[in-house]
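Reading through the C-alpha coordinates given below for one structure.
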Amino acid sequence: MTYKEEFIEFLIECDALKFGEFELKSGRIAPYFINTGMFDTGLKIKKLGIFYAKALQEHFQDDFDGIYGPAYKGIPLCISAAQALADMGTDKGYVFNRKEAKTYADKSVVVGMALTSDTRLILVDDVITSGKAIRESLEVLKSCSNPKINGIVISVNRQEKGKTEKNALKEVEQILGIPIHSIVTITDIKGYLHNKEINGKVILDDHMMEKINAYLKEYGATQ
(Lines give C-alpha, C1' and ligand atoms only; values in the text may rest on other atoms or scores of the structure.)
Protein backbone atom coordinates (compact mmCIF):
# COMPACT_ATOMS: atom_id res chain seq x y z
CA MET A 1 0.00 0.00 0.00
CA THR A 2 1.38 3.43 -0.93
CA TYR A 3 1.44 6.30 1.56
CA LYS A 4 -1.29 7.99 -0.50
CA GLU A 5 -3.56 4.95 -0.12
CA GLU A 6 -2.73 4.80 3.58
CA PHE A 7 -3.66 8.47 3.88
CA ILE A 8 -7.05 7.91 2.21
CA GLU A 9 -7.81 5.11 4.68
CA PHE A 10 -6.60 7.38 7.48
CA LEU A 11 -9.08 10.07 6.36
CA ILE A 12 -11.89 7.48 6.59
CA GLU A 13 -10.65 6.14 9.93
CA CYS A 14 -10.67 9.66 11.43
CA ASP A 15 -14.06 10.52 9.86
CA ALA A 16 -12.31 13.44 8.18
CA LEU A 17 -13.62 12.51 4.71
CA LYS A 18 -17.38 12.45 4.36
CA PHE A 19 -19.74 11.79 1.47
CA GLY A 20 -23.23 13.30 1.24
CA GLU A 21 -24.35 16.89 0.59
CA PHE A 22 -22.30 19.79 1.91
CA GLU A 23 -22.69 23.50 1.21
CA LEU A 24 -19.28 25.04 0.66
CA LYS A 25 -18.21 28.62 1.33
CA SER A 26 -18.47 29.17 -2.44
CA GLY A 27 -22.15 28.23 -2.33
CA ARG A 28 -21.59 25.00 -4.25
CA ILE A 29 -23.29 21.85 -2.93
CA ALA A 30 -20.53 19.27 -2.90
CA PRO A 31 -20.99 15.49 -2.51
CA TYR A 32 -17.80 15.22 -0.44
CA PHE A 33 -16.20 17.19 2.36
CA ILE A 34 -12.82 17.12 4.05
CA ASN A 35 -12.85 18.16 7.72
CA THR A 36 -9.28 18.38 8.97
CA GLY A 37 -10.54 19.35 12.42
CA MET A 38 -11.08 15.62 13.00
CA PHE A 39 -7.36 15.04 13.62
CA ASP A 40 -7.98 15.77 17.28
CA THR A 41 -5.78 13.40 19.30
CA GLY A 42 -2.06 13.03 19.79
CA LEU A 43 -1.94 9.81 17.78
CA LYS A 44 -3.96 11.25 14.89
CA ILE A 45 -1.86 14.40 14.58
CA LYS A 46 1.31 12.30 14.83
CA LYS A 47 0.13 10.10 11.95
CA LEU A 48 -0.92 13.16 9.95
CA GLY A 49 2.57 14.59 10.35
CA ILE A 50 4.04 11.41 8.86
CA PHE A 51 1.94 11.80 5.70
CA TYR A 52 2.99 15.43 5.32
CA ALA A 53 6.62 14.42 5.88
CA LYS A 54 6.40 11.77 3.15
CA ALA A 55 4.89 14.29 0.74
CA LEU A 56 7.66 16.76 1.60
CA GLN A 57 10.28 14.11 0.89
CA GLU A 58 8.62 13.06 -2.37
CA HIS A 59 8.29 16.55 -3.83
CA PHE A 60 11.20 18.47 -2.31
CA GLN A 61 13.72 15.84 -1.18
CA ASP A 62 16.15 17.82 1.01
CA ASP A 63 15.71 21.18 -0.74
CA PHE A 64 14.47 23.16 2.26
CA ASP A 65 15.58 24.25 5.72
CA GLY A 66 12.29 24.40 7.56
CA ILE A 67 8.52 24.09 7.54
CA TYR A 68 6.15 27.01 8.04
CA GLY A 69 2.59 26.59 9.31
CA PRO A 70 0.12 29.50 9.20
CA ALA A 71 -1.86 30.01 12.41
CA TYR A 72 -3.91 28.33 13.53
CA LYS A 73 -4.44 25.08 11.63
CA GLY A 74 -0.92 25.10 10.21
CA ILE A 75 0.72 25.15 13.65
CA PRO A 76 0.25 21.45 14.54
CA LEU A 77 0.96 20.54 10.90
CA CYS A 78 4.41 22.15 10.77
CA ILE A 79 5.38 20.75 14.18
CA SER A 80 4.15 17.20 13.55
CA ALA A 81 5.72 17.14 10.06
CA ALA A 82 9.06 18.32 11.47
CA GLN A 83 8.90 15.65 14.18
CA ALA A 84 8.10 12.97 11.59
CA LEU A 85 11.01 14.06 9.39
CA ALA A 86 13.31 13.87 12.42
CA ASP A 87 12.14 10.31 13.08
CA MET A 88 13.00 9.56 9.43
CA GLY A 89 16.52 10.90 9.94
CA THR A 90 16.07 14.44 8.57
CA ASP A 91 16.12 17.22 11.14
CA LYS A 92 14.47 20.41 9.87
CA GLY A 93 13.30 23.57 11.58
CA TYR A 94 9.73 24.72 11.99
CA VAL A 95 8.14 28.13 12.35
CA PHE A 96 4.64 29.55 12.63
CA ASN A 97 3.13 32.99 12.97
CA ARG A 98 1.31 34.62 15.84
CA LYS A 99 -2.16 35.94 15.07
CA GLU A 100 -1.35 38.94 17.25
CA ALA A 101 2.17 40.23 17.91
CA LYS A 102 3.21 40.42 21.56
CA THR A 103 3.85 43.84 23.04
CA TYR A 104 6.44 42.58 25.55
CA ALA A 105 9.56 40.37 25.71
CA ASP A 106 9.86 38.52 22.36
CA LYS A 107 7.87 40.77 20.02
CA SER A 108 8.48 38.68 16.90
CA VAL A 109 5.41 37.88 14.81
CA VAL A 110 6.71 34.33 14.28
CA VAL A 111 7.68 31.53 16.65
CA GLY A 112 10.30 28.88 15.92
CA MET A 113 13.47 28.71 13.86
CA ALA A 114 15.50 31.82 13.05
CA LEU A 115 14.83 33.17 9.57
CA THR A 116 17.16 34.88 7.09
CA SER A 117 16.77 35.87 3.47
CA ASP A 118 18.54 32.60 2.56
CA THR A 119 16.23 30.34 4.59
CA ARG A 120 14.29 27.93 2.37
CA LEU A 121 10.80 27.14 3.68
CA ILE A 122 7.99 24.81 2.68
CA LEU A 123 4.57 26.04 3.75
CA VAL A 124 2.08 23.42 5.00
CA ASP A 125 -1.68 23.91 5.33
CA ASP A 126 -4.83 21.79 5.34
CA VAL A 127 -6.58 22.99 2.17
CA ILE A 128 -6.44 25.99 -0.15
CA THR A 129 -9.46 27.65 -1.70
CA SER A 130 -8.88 31.26 -2.76
CA GLY A 131 -5.28 31.44 -1.52
CA LYS A 132 -6.09 34.43 0.71
CA ALA A 133 -4.57 32.82 3.82
CA ILE A 134 -1.45 31.88 1.87
CA ARG A 135 -0.99 35.44 0.64
CA GLU A 136 -1.35 36.69 4.22
CA SER A 137 1.35 34.24 5.29
CA LEU A 138 3.69 35.46 2.57
CA GLU A 139 3.22 39.04 3.76
CA VAL A 140 4.07 37.96 7.32
CA LEU A 141 7.24 36.23 6.14
CA LYS A 142 8.32 39.21 4.04
CA SER A 143 8.46 41.21 7.26
CA CYS A 144 10.55 38.47 8.90
CA SER A 145 13.74 38.58 6.79
CA ASN A 146 11.81 37.53 3.65
CA PRO A 147 12.85 33.85 3.47
CA LYS A 148 12.49 31.84 0.25
CA ILE A 149 9.26 29.82 -0.11
CA ASN A 150 10.20 26.75 -2.15
CA GLY A 151 6.73 25.22 -2.18
CA ILE A 152 3.45 24.46 -0.47
CA VAL A 153 1.98 21.11 0.66
CA ILE A 154 -1.70 20.61 1.51
CA SER A 155 -3.75 17.55 2.42
CA VAL A 156 -6.27 17.21 -0.45
CA ASN A 157 -6.53 18.81 -3.88
CA ARG A 158 -10.27 18.99 -4.57
CA GLN A 159 -9.47 19.53 -8.29
CA GLU A 160 -12.20 22.13 -8.70
CA LYS A 161 -12.41 25.28 -10.79
CA GLY A 162 -11.53 28.57 -9.20
CA LYS A 163 -12.59 31.89 -10.67
CA THR A 164 -11.69 30.69 -14.17
CA GLU A 165 -11.86 27.31 -15.88
CA LYS A 166 -8.51 26.40 -14.32
CA ASN A 167 -7.96 24.30 -11.23
CA ALA A 168 -8.25 26.63 -8.20
CA LEU A 169 -4.86 25.45 -6.93
CA LYS A 170 -3.25 26.10 -10.32
CA GLU A 171 -4.67 29.62 -10.25
CA VAL A 172 -3.11 30.28 -6.85
CA GLU A 173 0.12 28.57 -7.92
CA GLN A 174 0.44 30.84 -10.97
CA ILE A 175 -0.43 33.99 -9.05
CA LEU A 176 2.10 33.26 -6.32
CA GLY A 177 4.73 31.63 -8.51
CA ILE A 178 5.10 28.83 -5.94
CA PRO A 179 4.57 25.10 -6.64
CA ILE A 180 1.68 23.55 -4.69
CA HIS A 181 1.46 19.81 -4.01
CA SER A 182 -1.16 17.75 -2.19
CA ILE A 183 -0.85 14.45 -0.36
CA VAL A 184 -3.79 13.17 -2.44
CA THR A 185 -6.27 14.44 -5.03
CA ILE A 186 -9.99 13.75 -5.35
CA THR A 187 -9.04 11.56 -8.35
CA ASP A 188 -6.81 9.47 -6.05
CA ILE A 189 -9.64 9.19 -3.53
CA LYS A 190 -12.21 8.15 -6.15
CA GLY A 191 -9.91 5.57 -7.70
CA TYR A 192 -8.96 3.97 -4.41
CA LEU A 193 -12.31 3.98 -2.59
CA HIS A 194 -14.76 3.10 -5.37
CA ASN A 195 -16.61 -0.05 -4.25
CA LYS A 196 -13.81 -0.82 -1.78
CA GLU A 197 -14.73 -2.31 1.59
CA ILE A 198 -13.07 -0.79 4.62
CA ASN A 199 -13.93 -2.43 7.94
CA GLY A 200 -16.71 -4.36 6.18
CA LYS A 201 -18.35 -1.28 4.67
CA VAL A 202 -18.29 0.13 1.13
CA ILE A 203 -17.41 3.78 1.58
CA LEU A 204 -17.92 4.96 -2.01
CA ASP A 205 -20.57 3.01 -3.93
CA ASP A 206 -21.74 3.44 -7.54
CA HIS A 207 -24.55 5.84 -6.57
CA MET A 208 -22.22 8.22 -4.71
CA MET A 209 -19.62 7.90 -7.45
CA GLU A 210 -22.22 9.10 -9.98
CA LYS A 211 -22.92 12.14 -7.79
CA ILE A 212 -19.22 12.96 -7.48
CA ASN A 213 -18.66 12.57 -11.22
CA ALA A 214 -21.66 14.81 -11.98
CA TYR A 215 -20.34 17.44 -9.56
CA LEU A 216 -16.86 17.32 -11.06
CA LYS A 217 -18.29 17.49 -14.58
CA GLU A 218 -19.74 20.86 -13.61
CA TYR A 219 -17.08 22.22 -11.27
CA GLY A 220 -14.06 19.99 -11.76
CA ALA A 221 -10.73 21.04 -13.27
CA THR A 222 -7.83 18.63 -13.13
CA GLN A 223 -5.48 20.95 -15.04
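The values are calculated or read from the model by the stated rules, or taken from the named source; none is laboratory data. Since the structure is predicted, the reported quantities are computational estimates derived from the model, not experimental observations. When we count neighbours, we look across all protein chains shown, and the Cβ atoms used for this are built from the backbone with ideal geometry, even at glycine.
Tally the residues that are in a helix (DSSP H, G or I) and under 16 Å from the mean Cα position of the chain (by Cα), restricting the search to region 172-186.
Summing the residues that are in a helix (DSSP H, G or I) and under 16 Å from the mean Cα position of the chain (by Cα) in region 172-186 gives 3.
Taking T129 as the residue in question, decide whether it is surrounded by fewer than 19 Cβ atoms within 10 Å (Cβ to Cβ), touching an Asp or Glu at 6+ places or on another chain (Cβ under 8 Å), of a type in the set (S, T, N, Q) and at pLDDT below 95.
Judged against the criteria, T129 is not a match.
Take the residues in region 214-223 that are at pLDDT 90 or above and surrounded by fewer than 13 Cβ atoms within 10 Å (Cβ to Cβ), then tell me which one is nearest to E21 (Cα to Cα).
The extreme case among them is A214.
Residues that are without any contact (Cβ under 8 Å) to a residue 12 or more places away in the chain and either part of a strand (DSSP E or B) or touching a Pro at 6+ places or on another chain (Cβ under 9 Å) (or both): does region 187-198 have at least one?
Yes, region 187-198 contains at least one residue that is without any contact (Cβ under 8 Å) to a residue 12 or more places away in the chain and either part of a strand (DSSP E or B) or touching a Pro at 6+ places or on another chain (Cβ under 9 Å) (or both).
For region 139-161, enumerate the residues that are in contact (Cβ under 8 Å) with a residue 12 or more places away in the chain, surrounded by fewer than 22 Cβ atoms within 10 Å (Cβ to Cβ) and out of contact with any helix residue (DSSP H, G or I) (no Cβ under 7 Å at 6 or more places or on another chain).
Selection gives V140, S143, C144, S145, N146, K148.
Which residues, counting only those in region 199-217, are over 24 Å from the mean Cα position of the chain (by Cα) and outside any loop (DSSP other than H, G, I, E, B)?
K201, V202, D206, H207, M208, E210, K211, A214
Determine, yes or no, whether V140 is closer than 24 Å to G27 by Cβ and modelled with pLDDT of 90 or more.
Taking the combined requirement at face value, the residue does not satisfy it.
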